[in-house]
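Step one of this worksheet: look at the structure below.
The values are calculated or read from the model by the stated rules, or taken from the named source; none is laboratory data. Note that the structure is a prediction, hence the values are computed from the model and not measured. No Cβ is skipped: glycine too gets one built from the backbone with ideal geometry, and neighbour counts run over all protein chains shown.
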Amino acid sequence: MNCPYCHTENSRVIESRTNEDGATIRRRRECVNEACGRRFTTYERVEQRPLMVIKKDAKREEFLYDKLYRGVTKACEKRPISTEQVERVVEGIAQSLRIDFEQEVPSSVIGERVMNALKTLDGVAYVRFASVYREFRDVETLAKEVLSLLTETSDKISG
Ligand SMILES: [Zn+2]
């Protein structure tokens with residue numbers, strides 16, 4: 001880090017302190033040029049870049065928590081699912097995306113994760129979301145999905 005006074009290229013860190021929010025580090029530095037030797041402060045923080053969603057047509061759009069939340073809420077409408085449960089699903093997905101994808105995530109991955117989460121939460125909400133997401137063209141595909149869901153459910157009960 002250049003000294004802001006004499007523009008010498010090097011400086012020595014004499015103190016580092018993490019701010020209360022844990023997101024910023026404040027460093028006290030001292031110019032290595034003996035003729036100058038002045039002290040100055042720098043701040044270091046994590047760069048929060050937006051996560052981009054790669055859509056089917058390869059266009060990118062910013063990942064929006066609210067949009068995901070609205071989609072899941074809609075699927076869970078009039079079902080015995082609390083707002084807290086919806087929040088937990090959405091937060092879990094948003095967090096897993098941040099961990100697994102640094103900059104870009106295919107929209108298909110988000111869809112799959114929502115479906116997986118809803119599958120264990122509520123069958124109806126799952127089918128609702130899947131029917132919109134997978135754009136079931138015919139009743140047969142939808143019926144297959146519902147049937148496989150019912151089979152899984154009865155497996156769970158009997159197993
Ligand atoms: Zn200096």
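Summary table
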item	result
Number of the condition not met by LYS144 [criteria: (1) under 19 Å from the mean Cα position of the chain (by Cα); (2) exposed (fewer than 13 other Cβ atoms within 10 Å of the Cβ); (3) outside any loop (DSSP other than H, G, I, E, B)]	(1)
Residue that is among the hydroxyl-bearing types (Ser, Thr, Tyr), within 30 Å of THR24 (Cβ to Cβ), in the same structural domain as LEU147 (by TED's automatic domain parsing) and surrounded by 14 or more Cβ atoms within 10 Å (Cβ to Cβ), where the choices are TYR126, TYR65, TYR69	TYR69
Among the residues listed as GLU30, GLU15, the single one being touching a Gly at 6+ places or on another chain (Cβ under 7 Å), of a type outside the set (Gly, Ala, Ser) and modelled with pLDDT of 90 or more	GLU30
Cβ-Cβ under 8 Å pairs, at least 6 apart or on other chains, the stretch 84-112 side in contact (Cβ under 8 Å) with a residue 40 or more places away in the chain, far side surrounded by fewer than 17 Cβ atoms within 10 Å (Cβ to Cβ) and in a helix (DSSP H, G or I)	LEU97/VAL109; PHE101/VAL109
Extreme residue, nearest to PRO50 (Cα to Cα), among residues of the stretch 78-113 that are polar (S, T, N, Q) and in contact with a strand residue (DSSP E or B) (Cβ under 8 Å, 6 or more places away or on another chain)	GLN103
Selection count, the stretch 6-31, where residues are touching a strand residue (DSSP E or B) at 6+ places or on another chain (Cβ under 7 Å), within 9 Å of the ligand (Cβ to nearest atom) and outside any strand (DSSP E or B)	2
Filter pass, LYS78 being among the basic types (Lys, Arg), exposed (fewer than 10 other Cβ atoms within 10 Å of the Cβ) and in contact with a helix residue (DSSP H, G or I) (Cβ under 8 Å, 6 or more places away or on another chain)	no
Candidate set: the stretch 32-57, residues that are of a type in the set (A, V, I, L, M) and more than 10 Å from the ligand (Cβ to nearest atom); chosen: the one surrounded by the most Cβ atoms within 10 Å (Cβ to Cβ)	VAL53
Any chance SER131 is in contact with a strand residue (DSSP E or B) (Cβ under 8 Å, 6 or more places away or on another chain) and either within 30 Å of PRO4 (Cα to Cα) or not assigned by TED's automatic domain parsing to the domain that holds SER16 (or both)	no
